[in-house]
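Single-structure report; data block below.
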Amino acid sequence: MPRQSPAGSSISERPHRGAEIRRGLKDVLPVLIGVLPLGLALGAQASHKGLGPGAVAVMTGLNFAGGSEFAAVGLWANPLPVALIVLMTALVNSRHLLMGATLAPLLAHLPRWKAFAALFWMCDESWAMAYADAQKRRAAGALRGFSLPYYAAVAIGVWIAWIGSCTAGAAIGPAIGDIRAFGVDMALPAVFLAIMKGLWTGARAARPWLVSLVVAALTYLLVPGAWYVAAGAVAGLIAAWFWAPRA
């Protein structure tokens, strides 16, 4: 039976799959506008390093984390520094540890294979949108705020747009040059900040994010390489644990 929200509207615990997919696609459409130019920029940069469209499609489809892919392409050289690229990829992607930890309670009711599949397609945008949507649904009266069809529509939509735009960028990169000169590399961070605005619940809850930001910025200024990503993630986790309410 559906629960009644505080306003009297019915919140279904098992929303219609098709409606949730359509809702996810509608919500993610503005995000894709930011994904496309950034993917074109990555693909174009990769083409200048000798990577063809096929290689770019495989890399972006399996890794699916734009920050680490930009780091890998930036380090691409002959001979290929494999160990360095692997290390930098792991460091840049370390933020997924924190993101996955926040999604874990929302995925606890799912079969393990579904939870693992959901985490494979997790990226900055799908994580932020799914988490914000789950919080809104819980506030409206749904016992389980997380909607898997909604999340799947958002995550797979971003995945397809990312692979497609990166592959297209690799195909046309030699003809258009480095399109980052037009500032398109700021499109995705701007979209992510807009999404994060929906998660804002007050300055008190944002303290771990502030700690993470300060530590990451200081590490970026003082330590060479991508260590600032791991440092910021660890600092945010410690701060969240320190300020977590105690029973």
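Details
- Taking the range 134-152 as the range and being in contact with a helix residue (DSSP H, G or I) (Cβ under 6 Å, 6 or more places away or on another chain) and either open to solvent by 20 Å² or more (accessible area, probe 1.4 Å) or in a helix (DSSP H, G or I) (or both) as the test, the residues that pass are 134, 149, 150, 151.
- Checking each residue in the range 91-107 for being over 20 Å from residue 156 (Cα atoms) and out of contact with any helix residue (DSSP H, G or I) (no Cβ under 8 Å at 6 or more places or on another chain) picks out only 105.
- Residue among 72, 104, 115 that is among the small types (Gly, Ala, Ser), in contact with a Ser or Thr (Cβ under 8 Å, 6 or more places away or on another chain) and at pLDDT 85 or above: 72
- Any chance residue 100 is assigned to a helix (DSSP H, G or I), open to solvent by less than 60 Å² (accessible area, probe 1.4 Å), free of Cβ contacts under 8 Å to residues at least 60 places away in the same chain and of a type outside the set (Lys, Arg): yes
- Hey, residue 88 closer than 14 Å to residue 170 by Cα, touching a residue at least 12 places away in the same chain (Cβ under 8 Å) and open to solvent by 20 Å² or more (accessible area, probe 1.4 Å) or not: no
- Any chance residue 61 is small (Gly, Ala, Ser) and open to solvent by 20 Å² or more (accessible area, probe 1.4 Å): no
- Selection of the range 214-227 for residues being of a type in the set (Phe, Trp, Tyr) and at pLDDT 80 or above yields only 220.
- For the range 14-27, filtered to residues that are touching a residue at least 24 places away in the same chain (Cβ under 8 Å) and under 16 Å from residue 146 (Cβ atoms), the residue that is least open to solvent (accessible area, probe 1.4 Å) is 24.
- Scanning the range 111-133 for residues that are open to solvent by less than 30 Å² (accessible area, probe 1.4 Å) and over 20 Å from residue 25 (Cβ atoms) returns a single hit, 115.
- Inspection of the range 36-53 finds no residue satisfying the criterion of being within 23 Å of residue 131 (Cβ to Cβ), modelled with pLDDT under 90 and surrounded by fewer than 22 Cβ atoms within 10 Å (Cβ to Cβ).
The values are calculated or read from the model by the stated rules, or taken from the named source; none is laboratory data. In this text, all values refer to a predicted model and were calculated from it rather than measured experimentally. Reconstructed Cβ throughout: ideal geometry from the backbone, glycine too, with neighbour counts over all protein chains shown. The area values use the complete protein model at the heavy-atom level, side chains included, leaving out ligands, DNA and RNA. Shrake-Rupley method; radii C 1.70, N 1.55, O 1.52, S 1.80 Å.
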